[in-house]
Amino acid sequence: MEWEVVIGLETHVQLQTKTKIFTGASTAYGAEPNTQACDVSIALPGVLPVLNKEAVACAVKFGLAVDAEIAPRSVFARKNYFYPDLPKGYQISQFELPVVGKGEITIQVPETKKQAAYEKVVGITRAHLEEDAGKSVHGAVDGMSGIDLNRAGTPLLEIVTEPDMRSAAEAVTYAKKLHELVQWIGICDGNMQEGSFRCDVNVSVRPKGTQALGTRREIKNLNSFKFMQQAIAYETQWQIETIEDGGTIEQATILFNPDTGETRAMRSKEEANDYRYFPDPDLLPLEVTEEDKARIQAEMPELPEAMKARFESEYALSAYDAAAITTSRAVADYFVETVNAGGDAKLAANWVMGGISAKLNAEDKIITDSPIEAKALALLLKRIADNTISNNAAKNVFEEMWLGNADVDSIIEAKGLKQVSDTGAIEAMVDEVLAANPKMIEEYKAGKEKAFNALVGQTMKASKGKANPAQVNAILKEKLS
Amino acid sequence: MALNIPDIKRIAHLARIEIDDAEAAQTLDKLSGILSLIEEMQAVDTAGITPMSHSQDVVQRLRDDVVTKDNQRDVFQQNAPAVDSGLYLVPKVIE
């Protein structure tokens, strides 16, 4: 039987606020344990939550970015469970009335050996505000667990999709797109190692062509795209084999072990899902007015899709280049800065996606770490555009710039890379080459194109690579006709 | 809706409240009383009325995103039964 996998994602996005969602304690990462755990964070009796304006703005920004309904009124609820890193005995979340309703995200699934690239719309079911829990530290003291409540109360936006994805590739593409988007609109730093972006993936399988959803198992807390890919692949195969062997799938929460590449069910918590949600009497309904939305909309940067379309029309970039440049805000910013500093747009796109990107990948860096500033790159591109240097010579200059030397003109001077575009000088070189290679001329006249290329090569060599290749071509053609 | 003793035990367990059989029977009476009160209220026609999530018809006041709480760990940890290296210690939790 042919099977189909059905995937939905729940992503916890840590919002980039200075303080916690319900109290003015700092959210800075990496502080000494419990130094940012104030009276509200540790749930002293009598304390009350006061909602952070910026956390609300972040949620609204996300809603606007995915074209979602923003609830004019939404409600905070208590999700009740007992765990030592949750001192109140409940997490403040949103249940029935979340701040962000239905929206959508368009993803571009990359091509594989089996399939061409394609676009797909992933439905967003909802996104709601909630607080993070603290952290348990095991093993420090014998027989005890240590509790650090610095993270308790950090604002999260939980973004839930429809079960719209049909392969691990689609799920990973969506997760990557969401990861870029939340950074693009400035609501999350995207740091997966520090847990700022964590995905839970719901996986089920069903016979291809059927409509009813199979029983799902939820893979918890994936914090790398590679692990997500592996976990989904393993889980899908496991579910198919289990069913084909006559077994049934039980709904469960599971963990992925990156060392073995396998998934396994967590110890099933008795009645774990009975959270007994109810509206939190400590918090009033959250109101988001049309004026609030308009004010927040005005603070939003141009979104990637809009910017892509603009790059295509304004700079005549290909759809492919425009998409590549706008996969990340930092790359797009760098590109725009290069163009604004006078770099040719097409050249800038080629260099950003080519030379710079290759260097960054090789050194495992991101564009904001580039030792070549956009302005310096623009100057290099200007020297290519005005024929001072050839594209090849530019690569040579680029290598030098990567080491931290930003003075394009003095590098060109010092390396003697200036292109020879003086027609007289090139003609003289061509004449010399022709005089020395009568056999090649004969071959060319007999119809051998290769001979022409060889003559171009000889001339370039004679010029020590500095002659303008287009001119060499033209002059040779003329002399041989 | 009628409650029974196992329901009461389960609710008590979820709330981490330890109750014996006598208390369970008492609690059953009390909770059943509350539920019958709710049943009575459900007879009221509420069609067309937007449900409220709070008894006061006002909206949430928002706070500026500014750090106002400084580190008072030493004060708070005086109340804790056990601490180590700044961590609150609890009986071992195994996931």
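The values are calculated or read from the model by the stated rules, or taken from the named source; none is laboratory data. Remember, predicted model here, so these are calculated numbers, not experimental data. Every residue, glycine as well, gets a Cβ built from its backbone with ideal geometry; the counts of neighbours run over all protein chains shown. Heads up: the accessible areas ignore ligands, DNA and RNA and are worked out on the full protein's heavy atoms, side chains in. Shrake-Rupley method; radii C 1.70, N 1.55, O 1.52, S 1.80 Å.
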List the residue pairs whose Cβ atoms are under 6 Å apart, where the first residue sits in the range A:178-201 and is open to solvent by less than 40 Å² (accessible area, probe 1.4 Å), the second is part of a helix (DSSP H, G or I) and among the basic types (K, R), and the two are 6 or more positions apart or on different chains. A:W184/A:R329; A:I185/A:K61; A:I187/A:K61
Condition test on A:V50, is it in contact with a strand residue (DSSP E or B) (Cβ under 7 Å, 6 or more places away or on another chain), within 8 Å of chain B (Cβ to nearest Cβ) and modelled with pLDDT of 95 or more? yes
Taking A:I219, is it assigned by TED's automatic domain parsing to the domain that holds A:E244 and touching a Cys at 6+ places or on another chain (Cβ under 8 Å)? no
Here is a list: A:V141, A:V122. Which entry is surrounded by 14 or more Cβ atoms within 10 Å (Cβ to Cβ), farther than 30 Å from A:D282 by Cα and facing another protein chain (nearest Cβ under 10 Å)? A:V141
Count - residues of the range A:30-84 that are among the β-branched types (V, I, T), open to solvent by less than 20 Å² (accessible area, probe 1.4 Å) and either more than 19 Å from A:E96 (Cα to Cα) or not assigned by TED's automatic domain parsing to the domain that holds A:G153 (or both): 1
Residues in the range A:25-47 that are of a type outside the set (A, V, I, L, M), closer than 24 Å to A:P279 by Cβ and at the interface with another protein chain (Cβ under 8 Å from one of its Cβ atoms): how many? 1
For the subset of the range B:47-71 comprising residues that are within 18 Å of A:R151 (Cα to Cα) and facing another protein chain (nearest Cβ under 7 Å), which member is surrounded by the most Cβ atoms within 10 Å (Cβ to Cβ)? B:D65
When you check A:A323 against the structure, is it under 16 Å from A:W184 (Cβ atoms) and in contact with a strand residue (DSSP E or B) (Cβ under 7 Å, 6 or more places away or on another chain), yes or no? yes
Qualifying residues in the range B:72-84 (those that are assigned to a loop (DSSP other than H, G, I, E, B) and open to solvent by less than 80 Å² (accessible area, probe 1.4 Å)) - the one farthest from the other protein chains (Cβ to nearest Cβ): B:A80
Working only within the range A:333-363, note down all residues that are more than 20 Å from the chain's Cα centre (by Cα) and closer than 19 Å to A:E399 by Cβ. A:T338, A:G343, A:L347, A:A348
Every residue from the range A:422-456 that is of a type in the set (G, A, S) and open to solvent by less than 50 Å² (accessible area, probe 1.4 Å): A:G424, A:A425, A:A451, A:A454
Of (1) under 24 Å from the mean Cα position of the chain (by Cα); (2) within 11 Å of chain A (Cβ to nearest Cβ), B:E18 satisfies every one except (2)
Can you tell me which residue among A:K461, A:K365, A:K375 is open to solvent by 60 Å² or more (accessible area, probe 1.4 Å) and part of a loop (DSSP other than H, G, I, E, B)? A:K365
Residues in the range A:21-42: is at least one at pLDDT 95 or above and within 22 Å of the chain's Cα centre (by Cα)? no
Going by the structure shown, is A:Q14 touching a residue at least 12 places away in the same chain (Cβ under 8 Å), away from chain B (no Cβ under 11 Å) and closer than 12 Å to A:T154 by Cβ? yes
For the range A:388-418, name all the residues that are out of contact with any helix residue (DSSP H, G or I) (no Cβ under 7 Å at 6 or more places or on another chain) and outside any helix (DSSP H, G or I). A:L403, A:G404, A:D407, A:G416
Does the range B:36-46 contain any residue that is within 11 Å of another protein chain (Cβ to nearest Cβ) and open to solvent by 100 Å² or more (accessible area, probe 1.4 Å)? no
For the range A:141-169, how many residues meet the condition of being farther than 30 Å from A:T106 by Cβ and in a loop (DSSP other than H, G, I, E, B)? 8
Among the listed residues A:Q229, A:Q239, which satisfies the condition of being open to solvent by 60 Å² or more (accessible area, probe 1.4 Å) and either in the same structural domain as A:K79 (by TED's automatic domain parsing) or without any contact (Cβ under 8 Å) to a residue 40 or more places away in the chain (or both)? A:Q229
Output for the range A:285-301, where each listed residue is of a type in the set (D, E) and either within 14 Å of chain B (Cβ to nearest Cβ) or surrounded by 14 or more Cβ atoms within 10 Å (Cβ to Cβ) (or both): A:E287, A:E291, A:D292, A:E299
